[in-house]
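Working notes, structure below.
The values are calculated or read from the model by the stated rules, or taken from the named source; none is laboratory data. Predicted, not measured: the structure shown is a model, and the values here were computed from it. We place every Cβ from the backbone using ideal geometry, glycine too, and count neighbours over all the protein chains shown. Note: areas computed on protein heavy atoms with side chains; ligands, DNA, RNA excluded. Shrake-Rupley method; radii C 1.70, N 1.55, O 1.52, S 1.80 Å.
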Amino acid sequence: MKFSLLAAAVTRVSVAAALSVLSCVPAAAQRIDYSKLEIKTTDLGHGVFLLGWQGGDSLILIGDDGVLLVDTSVAPMGDKIKAAIARVSSKPIKLIVNTHAHADHFGANEALARGGATIVAHDSLRDRMAKGFTAFNQAIPPSPPAALPTATYADAMTLHFDGETIQLFHPPNAHTDSDTLVHFKRANVIHASGTIGGDGGYPFFDLGSGGSLAGMIVAEDKMLSLSDDKTRIVADEGDPASTATLKASRDMLVTLRARVQKLIDEGKREDEAVATKPTKDFDARFVHQGNFVTGDAMTRLAYESIKGVTPPITPRR
Ligand SMILES: [Zn+2]
């Protein structure tokens, strides 16, 4: 295929099509029957529970006075999130953190904040939600005022909630341009905001939403700096990752960046770079059944990120 921006766009459209049955995709783009999904609740200790549903998995922290919720899921899952919380606490949701601008992370904000919860997010996420945006070729309309974050930050923020210290960090241009890494210090749990792959697979970065390979490496380095050998790192789906799994992902990204940079320096076009299979020794570990990020898709993402190609299908309004 002759390399051109159009060809690259076609490639991205096909990647977007593959994305449409998986997590981190705007609700409108998904073909999931939410009525059939069950939420799996996992106790991570110190009042922190993982609410897993094959999408933008949520975390909750149960305190004496109320509940802190990280990510509200897509709108059709809101009632199930509410029911899952009710099974472990009768307290109201006091605080919500939205990790990034994919609809499986903020879609049920309005319903779940109705009791008066404060919604915390990065400045860029509120901006995108207020104006509306496009992700994966799907238009996300402006959010109603009741769904918008009410407290935002630029670089970092610390929350104190019923004895737990929760640190929020913004890694610029990682999975998106609005990511928040959420570190529960006492529980030793980190929500990765999509910056690691589910079940240790290849991670995805959304170039059209301001994500980048370089930012992913910075995000994973940041999480490694916060981790010890008991830390659990929460991806968008699957069981929490270990620090060793995170380290393997970070090392893979650094190696892949060097390999793809070399191919670019040699003058290789994108298709030629893909044909050299720079991920081949990683694929056995990082390609999982059902994971849309294949080795070739990973190479294309890396190539386009290094070249600074921003998909034209996801413009800001
Ligand atoms: Zn995402």
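Here region 106-129 is the region considered, the condition is being within 16 Å of the ligand (Cβ to nearest atom) and of a type in the set (Gly, Ala, Ser), and the residue that is farthest from the chain's Cα centre (by Cα) is 108. Total residues in region 47-76 satisfying the condition of being touching a helix residue (DSSP H, G or I) at 6+ places or on another chain (Cβ under 8 Å), modelled with pLDDT under 95 and either in a helix (DSSP H, G or I) or surrounded by fewer than 24 Cβ atoms within 10 Å (Cβ to Cβ) (or both): the figure is 3. Within region 22-46, being more than 17 Å from residue 59 (Cβ to Cβ), surrounded by fewer than 19 Cβ atoms within 10 Å (Cβ to Cβ) and at pLDDT 50 or above holds for 31, 33, 34, 35, 36, 37, 38.
Being touching a residue at least 12 places away in the same chain (Cβ under 8 Å), within 18 Å of the chain's Cα centre (by Cα) and within 22 Å of residue 205 (Cβ to Cβ): is that true of residue 103 here? So residue 103 passes the test.
Condition check ((1) touching a residue at least 12 places away in the same chain (Cβ under 8 Å); (2) aliphatic (A, V, I, L, M); (3) more than 15 Å from the ligand (Cβ to nearest atom)) across all residues:
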| residue | (1), (2), (3) |
| --- | --- |
| 55 | yes, no, no |
| 62 | yes, yes, yes |
| 69 | yes, yes, yes |
| 76 | yes, no, yes |
| 81 | yes, yes, yes |
| 84 | yes, yes, yes |
| 88 | yes, yes, yes |
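For region 216-227, the condition of being outside any helix (DSSP H, G or I), more than 14 Å from the ligand (Cβ to nearest atom) and out of contact with any Pro (no Cβ under 6 Å at 6 or more places or on another chain) holds for at least one residue. If you go through region 215-259 and keep only what is among the hydrophobic types (A, V, I, L, M, F, W, C), farther than 14 Å from residue 188 by Cβ and open to solvent by less than 60 Å² (accessible area, probe 1.4 Å), you end up with 216, 217, 219, 235, 248, 252, 253, 254, 256.
Could you check how many residues of region 228-237 are within 12 Å of the ligand (Cβ to nearest atom) and over 14 Å from the mean Cα position of the chain (by Cα)? Residues meeting the conditions: 0.
Look at region 199-215 and say how many of its residues are assigned to a helix (DSSP H, G or I), within 14 Å of the ligand (Cβ to nearest atom) and in contact with a strand residue (DSSP E or B) (Cβ under 9 Å, 6 or more places away or on another chain). Steps first, please.
Residues of region 199-215 that are assigned to a helix (DSSP H, G or I), as a first pass: 199-200, 207-209, 213-215.
Filter again for within 14 Å of the ligand (Cβ to nearest atom), leaving 207-209, 215.
Adding the requirement that they be in contact with a strand residue (DSSP E or B) (Cβ under 9 Å, 6 or more places away or on another chain) leaves 208-209.
Summing the residues that are assigned to a helix (DSSP H, G or I), within 14 Å of the ligand (Cβ to nearest atom) and in contact with a strand residue (DSSP E or B) (Cβ under 9 Å, 6 or more places away or on another chain) in region 199-215 gives 2.
Checking each residue of region 178-185 against the condition of being basic (Lys, Arg) and within 17 Å of the chain's Cα centre (by Cα) gives no match.
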